[in-house]
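All remarks here apply to the structure that follows.
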Amino acid sequence: MKRLTAASLCLAIALTLAACSSGPKKPQPADLGPAAQLMGVRQIWTASVGEGGSGFVPVHAGGRVYAAGATGVVAAINASTGADVWRLDLRTRLSTGVGSDGQTAAVITAENVLVAIADGESRWRVRLPARSFTPPLVAGGRVFVLTADRTVVAYDAANGARLWGQTRTGDPLTLNQPAALAAVGDTLVAGVSGRLVGLNPDNGSVRWESLVATSRGTNEVERLVDVVAPVGRIGANVCVRAYGAAVGCLDGVRGSVIWTKPAQGVVGVHGDDRLVFGSESNGTLLAWRRDSGEQAWTSERLKNRQLSAPLALGRVIAVGDGSGLVHVLSREDGSEMARLSTDGSAIVSQPLLAGDALVVMTARGALYAWRPE
């Protein structure tokens, strides 16, 4: 009987592997060829915080890069030199990256505990009502948290006192990736299902609510249209992506929709005062005109490379891929200006501008910083 059971198990595994191997193969990216040398870029430092992930996004505040790893390491790093300002091992797994205003840093553990850190020491902890995949937003002496049940909660950054909570209805499922959560002037903006909601940060009251995309599909998975991070903001003009459905720009003061366009990407957008840039789920790069939403250009050169959200940097944009490369491209047409290498693991979040340095974090938790020459 034991031999028969083992033989049956082996046969089942063999049949499963055969079925997988006979299925459609994953599209392969085209060869990039030699790297372009149209602009000089010099690596200035590296650091590490351990294992990363899609929600582990570094932030820049007060001349420091704040980063966290999934195993519990949180660090404040000098943005110019890469030296640790402080480093703390919380000795517990984290579910999100770090948020900071340069004074208080905050992370969320896998046990749904919000932890506030100041000067490298844990100052207070609060248990959250639900899981969160979005890094906390620290601003105006408060720590804002968006939980997976689509509740926004505000805590006092000094002592962790709960100030208010606002719950919005949405689809029963939520994405295991950061949702939109940003400060726009004196309004807190949060992504809730396919809507963007503007809240009063003092009391949580709703100032406006705008539809970016409508849920579609025949099941709960296909109807997921959460508004995802990062948010592309210039002044009060806020541009966002609804997961797998649309890209759009809104007035962050009144909440009025300026335009929306169908789009199939799964990560947020970024841009400048003229263009908004985004990567589709198949690796196609698109640029939309910020004022009208009309398409300015499209590029398939990085197709099938599992692109991160882009970052606009003056006359270029930077985007990471699934093999650990960072592509520096012309904002005018997406042509390559430079190509940067990391540790070979995926660039899992949007590149970061820290002062005059370009910073990325890999899936292995390594941080790389470059400066134009």
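The values are calculated or read from the model by the stated rules, or taken from the named source; none is laboratory data. It should be emphasised that the depicted structure is a prediction, and the values quoted were computed from it without experimental measurement. Every residue, glycine as well, gets a Cβ built from its backbone with ideal geometry; the counts of neighbours run over all protein chains shown.
Mind listing whichever residues of segment 118-148 are in a loop (DSSP other than H, G, I, E, B) and either surrounded by fewer than 16 Cβ atoms within 10 Å (Cβ to Cβ) or more than 22 Å from the chain's Cα centre (by Cα) (or both)? 119, 120, 129, 130, 140, 141 - these are the residues of segment 118-148 that are in a loop (DSSP other than H, G, I, E, B) and either surrounded by fewer than 16 Cβ atoms within 10 Å (Cβ to Cβ) or more than 22 Å from the chain's Cα centre (by Cα) (or both). Of the numbered criteria (1) touching a Lys or Arg at 6+ places or on another chain (Cβ under 6 Å); (2) within 27 Å of residue 209 (Cα to Cα); (3) at pLDDT 95 or above; (4) aliphatic (A, V, I, L, M), the one residue 163 fails is (1).
Taking the numbered list (1) of a type in the set (Asp, Glu); (2) under 22 Å from residue 55 (Cβ atoms); (3) at pLDDT 95 or above in turn, residue 220 passes all entries but (3).
Highlighted here are the strands (runs of 3 or more DSSP E) found entirely within segment 239-320 that include at least 2 residues which are more than 21 Å from the chain's Cα centre (by Cα), surrounded by fewer than 18 Cβ atoms within 10 Å (Cβ to Cβ) and polar (S, T, N, Q): 295-299. Among the strands (runs of 3 or more DSSP E) confined to segment 1-108, the ones with at least 3 residues that are at pLDDT 90 or above and either over 30 Å from residue 154 (Cβ atoms) or among the acidic types (Asp, Glu) (or both) are located at 41-48. Regarding segment 212-231, can at least one residue be identified that is in contact with a strand residue (DSSP E or B) (Cβ under 7 Å, 6 or more places away or on another chain), over 16 Å from residue 332 (Cα atoms) and surrounded by fewer than 18 Cβ atoms within 10 Å (Cβ to Cβ)? No, every residue in segment 212-231 fails to be in contact with a strand residue (DSSP E or B) (Cβ under 7 Å, 6 or more places away or on another chain), over 16 Å from residue 332 (Cα atoms) and surrounded by fewer than 18 Cβ atoms within 10 Å (Cβ to Cβ). Annotation for segment 330-338: no member residue is in contact (Cβ under 8 Å) with a residue 12 or more places away in the chain, part of a strand (DSSP E or B), within 19 Å of residue 67 (Cα to Cα) and of a type outside the set (Lys, Arg).
Of the residues making up segment 332-353, those that are farther than 15 Å from residue 52 by Cα and either surrounded by fewer than 22 Cβ atoms within 10 Å (Cβ to Cβ) or modelled with pLDDT under 95 (or both) are 332, 333, 335, 336, 337, 338, 339, 340, 341, 353.
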